[in-house]
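Just so it is clear, none of the values below were taken in a lab; they were calculated from the coordinates. Everything quoted here is computed from the prediction, not taken from an experiment. Cβ sites come from the backbone with ideal geometry, for glycine too, and all protein chains shown count toward neighbours.
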Amino acid sequence: MDEKIAEPQTHHAPRTPEEEFLRRKFSSYYAKAPLTVLKPESREFGFGGWEKKIEFRHIRVRNEGELRTRLVNEAPLYISHSVAYYEFPDARPMVKKNWLSADLVFDLDAAEHSCGKFTCTHCMEKVKQEAQQLIEEFLLSDFGFSKSELSINFSGSRGYHVHVRSDAVASLDREARREIADYVTGTGLLFDRLFWKDGKKFFGPKPTQGGFGGKFARAFLKRLDDEEFALSISRKLKKQEERDKLRSSIQQGNYDNIGIANREEKLQDKFLQMKLTLAGRIDANVTADTSKLIRMADSLHGGSGFAAKTVQTLDDFEPMRDAPIFNEGELKVKVTEAVPALAIRDFSFGPYSPGATATLPMACAVYLLCKKAAVLA
Amino acid sequence: MPDLLFCSHYPFSRQAKDAVSDSGAELSYSLVEKAEQRLSNALVSGKIKKLADLPSAQQEELAVYAVCRMIASAANNRYIINRYAVAEAKRAGEYLASDEGARPEYIQEVAGEFGIKLVAQGKNFALPLSSYLSFTPRSIDYKLTNREVEKGMVLVSAHERLRILEEAVKKRIEGSLPIRAKFSEEVQEAAKRMLTLIPKLEIAATKVGQENYPPCIKKLLEDLSLSINLPHTARVALAIYLVNAGATTDKIVDYFRGAPDFSEKTTRYQVEHIRTRKYNMPSCSTMDSYGICIAECRCGTPLRYRDAMHGARLRRIEAEKKD
């Protein structure tokens with residue numbers, strides 16, 4: 001454990017003891033870690049350090065063995081690889097790499113509802129639900145991918161990545177992928193395209209139909225059970241018969257057989273509100289980027305010390321329980337900034353004020369070091 | 001025996017290709033002449049005439065098509081290739097429309113040519129998501145978000161499916177040219193004459209005033225001048241920008257002359273339409289979702305780019321003064 005980790009020839013400031021410590025830990029992990037990346041020989045790799053998530057890129061490895069050797073020797077704090085497969089992964093500029101195909105990836109991140117620098121279980125739960133929604137309602141149901149074409153991993157911080165490996169989408173270009181991302185996020189969804197007037201009648205999507213139209217119709221029918229919701233559309237819906245009447249009419253795509261005042265305006269209003277919950281929350285730029293570098297599954301995240309674990313079943317995955325992997329030993333650290341109460345692998349620690357010292361289970365200590373919220377004591 | 005009628009309607013098909021190589025037609029002077037005619041029609045009017053369905057003419061038309069490809073390749077110019085591809089695709093589109101009623105099996109065969117599996121669903125058709133994304137024109141009408149998508153299949157109308165096939169034809173021809181080969185002198189001579197048909201863009205004139213344009217708009221203008229086919233959304237965004245930047249309709253129409261499917265009448269009409277309806281400039285995030293945002297200028301809308309840049313410069317000057 002004492003051998004020094006190879007330091008590349010750069011003009012960076014000398015490594016801090018914390019960085020050295022973490023690199024040694026990471027190196028020991030990579031000696032035995034599962035390497036699950038598919039076709040490493042055709043990918044571009046990017047390695048990151050203490051200051052930057054990608055310090056070096058255009059890295060090529062010939063096989064899994066070489067990848068492991070480099071990870072053990074260099075122990076990068078972040079490892080990412082291209083979603084693309086190239087003929088010459090290390091060639092520059094990009095066009096010379098000769099792009100062959102790419103996985104279709106979806107990046108979900110809790111950053112949007114995140115409450116700060118430290119991991120919050122509430123946010124983590126929320127993003128897990130969003131990942132489930134993406135998989136169930138979009139990838140499997142709408143796009144028709146099979147479960148075996150999907151591979152899901154924790155991002156190592158506060159999100160999830162879903163990689164789709166399917167011949168059907170491997171060669172799609174940026175524009176096509178942008179369409180997919182826009183579909184998932186409901187970007188460009190237009191009320192006028194889904195609803196239309198025909199004489200006195202007002203038609204819209206049927207619940208049996210595919211796409212956002214069907215999603216809306218199904219959700220709308222469900223929401224009609226809610227009296228407050230129903231009344232906000234029409235006072236007439238106070239009566240159960242009227243509600244049933246409207247509901248059976250919507251089954252056929254007719255959205256008004258009871259005489260709703262200002263129906264167009266009201267439906268559009270509901271449509272705009274509900275669109276937000278029906279749409280998926282992904283980072284569209286990641287999906288559209290055919291040469292994106294994305295965290296390698298089962299690699300370590302230098303900002304948390306957690307593994308970007310491959311997830312078999314989202315339901316059973318608990319990031320704060322399953323992603324920490326340094327579960328042996330303890331370490332004394334000195335806290336350098338205010339840390340809230342946290343729990344990793346059921347061990348509760350904090351809150352701490354700056355200057356406090358604590359001897360913590362290794363995973364918790366590594367976490368604080370990675371967050372740059374503590375130093376070795 | 002190849003189906004000559006099918007082959008002559010769809011000369012880009014594998015069947016047609018086989019029919020030509022089997023016939024062993026000799027490259028004759030009259031063939032080159034006819035091919036040159038077809039290509040120059042495509043370049044000048046954007047259209048290729050349909051011939052009467054006569055067996056004698058059909059065999060020849062296949063050979064003419066093959067020679068057209070040679071001339072376009074010998075010219076080795078993106079404008080010629082793209083504009084020719086658009087015209088061939090339009091021609092194929094017209095045949096698709098007429099064959100739809102009379103010979104519906106032709107439609108399936110053309111779809112099969114591109115590996116597109118069309119499944120009839122009532123009056124509509126479903127096709128696989130990947131085919132849909134690969135072959136639909138990028139326009140708001142085909143935005144996937146507003147489509148019925150289920151189990152990997154996307155629903156389109158009967159008419160839309162023909163439009164998608166037309167786009168597939170265009171992409172195939174664009175992608176398959178130029179052919180790398182040594183061409184006969186006659187073909188090379190014809191190619192030289194084709195090059196004279198390219199409209200002269202007054203490059204110098206179009207540069208005026210562009211220095212303050214945002215990177216996305218500059219890129220679109222550059223693409224147009226290289227005869228790269230811009231998606232509909234990009235064209236609309238560009239026209240709105242130029243209208244707002246104070247360019248005259250004539251000037252805007254001139255910019256679009258580089259488009260391989262340029263039609264003066266349509267362009268003029270659409271630019272005027274944008275002007276009178278006072279279309280709003282798409283925001284940067286919308287531009288990004290169209291895939292035409294190429295820089296992070298952080299100005300909110302391309303129209304604010306100039307102010308944003310000037311503002312940044314002013315702030316920099318102020319900061320330098322303080323130092």
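Label-to-label distance, residue A:170 versus residue A:249, with points set 7 angstrom from Cα along the beta-carbon direction: 5.1 nm. Its residues counted as N, segment A:118-271 yields a C-alpha radius of gyration over 2.2 N^0.38 Å of 1.29.
Here segment A:131-202 is treated as a Stokes sphere of Kirkwood radius computed over C-alpha pairs; at 20 °C and 1.002 mPa s its diffusion coefficient rounds to 147 µm²/s.
Counting every C-alpha pair in segment B:114-264, the share spaced more than 17 angstrom apart comes to 70%. Measuring between their Cα centroids, segment A:130-157 and segment A:345-365 lie 35 Å from each other.
Only the Cβ atoms of Lys and Arg (+1) and of Asp and Glu (-1) were treated as charged; on that basis the dipole of segment A:278-363 about its Cα centre amounts to roughly 260 debye. Here is the tail figure for the protein assembly as shown: Cα pairs spaced more than 32 Å apart come to 64 percent of all pairs. Take the Cβ atoms of residue A:73 and residue A:190, set R0 to 51 Å, and the FRET efficiency comes out at 0.40. Helical content alone sets the calculated 222 nm signal of the protein assembly as shown at -14000 deg cm²/dmol, taking -39,500 (n - 2.57) per DSSP H segment of four or more residues and averaging over every residue.
Calculated from the alpha-carbon coordinates, chain B shows an Rg and a Dmax of 22.9, 85 Å respectively. Taking the number of Cβ atoms within 10 Å of each Cβ as an exposure proxy, the fewest-first ranking of A:106, A:202, B:12 is A:202, B:12, A:106. To the nearest 0.05, what FRET efficiency results for residue A:117 and residue B:182 with a Förster distance of 56 Å applied to their C-beta separation? So, using R0 = 56 Å, E works out to roughly 0.30. Projecting the Cα positions of A:94, B:21, A:341 onto the charge dipole of the protein assembly as shown (unit charges on Cβ atoms of Lys, Arg, Asp and Glu, taken about the Cα centre) puts A:341 furthest along the positive direction. In this entry, segment B:27-116 is assigned a mean projected area of 6.6 nm², taken as a quarter of its C-alpha convex hull surface.
Computed from Cα atoms, the angle from the helix B:215-225 axis to the main principal axis of chain B rounds to 30 degrees. Here's the picture: charge each Lys and Arg Cβ at +1 and each Asp and Glu Cβ at -1 in the protein assembly as shown, and of B:276, A:361, B:122 the one pushed furthest to the positive end of that dipole is B:276.
Ignoring solvent entirely, what values of log10 I(q)/I(0) come out of the Debye formula for chain A at 0.13 Å⁻¹ when each Cα is a single scatterer? The Debye formula, applied to the Cα set alone, gives -1.04. The residue list B:227, B:178, B:152 was ranked by how far each Cα lies along the charge dipole of segment B:145-267 toward its positive end, using unit charges on Cβ atoms, and B:152 comes out on top.
Here segment A:67-129 is treated as a Stokes sphere of Kirkwood radius computed over C-alpha pairs; at 25 °C and 0.890 mPa s its diffusion coefficient rounds to 162 µm²/s. Checking the cross-link pairs B:34/B:170; A:147/A:292; A:206/B:170; A:197/B:143; A:197/B:171; A:245/A:270 against a 27 Å limit on the alpha carbon distance flags A:206/B:170; A:197/B:171 as lying beyond it. Note on residue A:94 and residue A:372: their simple-model spin labels are 2.7 nm apart, each label 7 Å out from Cα toward Cβ. Take the Cα of residue B:18, step 7 Å toward its Cβ, do the same at residue A:347, and the gap between the two points is 7.1 nm.
Going from the residue with the fewest nearby Cβ atoms within 10 Å to the one with the most, B:159, A:58, A:81 rank B:159, A:58, A:81. What FRET efficiency, computed as 1/(1 + (r/R0)^6) with R0 = 51 Å and r the Cβ-Cβ distance, is obtained for residue B:283 and residue B:195, rounded to the nearest 0.05? Once rounded, the FRET efficiency stands at 0.80. Ordering B:186, A:64 by the number of other Cβ atoms within 10 Å of each residue's own Cβ, fewest first, gives A:64, B:186.
For the protein assembly as shown, DSSP calls about 100 percent of its internal beta bridges antiparallel.
At 0.890 mPa s and 25 °C, plugging the Kirkwood radius over alpha-carbon pairs of segment B:80-119 into Stokes-Einstein gives what diffusion coefficient in µm²/s? My calculation gives 224 µm²/s for D.
Normalised by 2.2 N^0.38 Å, where N counts its residues, the alpha-carbon radius of gyration of segment B:1-71 equals 1.03. What Kirkwood hydrodynamic radius, in Å, does segment A:240-377 give when the mean of 1/r is taken over all pairs of distinct Cα atoms and then inverted? Result for segment A:240-377, one decimal place: 19.8 Å. Near residue B:138, the amide H atoms lying under 5 Å from its own belong to B:232; only residues 5 or more places off or on other chains count, and H is placed 1.01 Å from N. Ranked by the mean number of other Cβ atoms within 10 Å per residue, highest first, peptides A:220-233, B:135-148 order as B:135-148, A:220-233. Put simply, segment A:15-96 fits an ellipsoid with semi-axes of 23, 15, 8 Å; these come from the alpha carbon gyration tensor as the roots of five times its eigenvalues, largest first.
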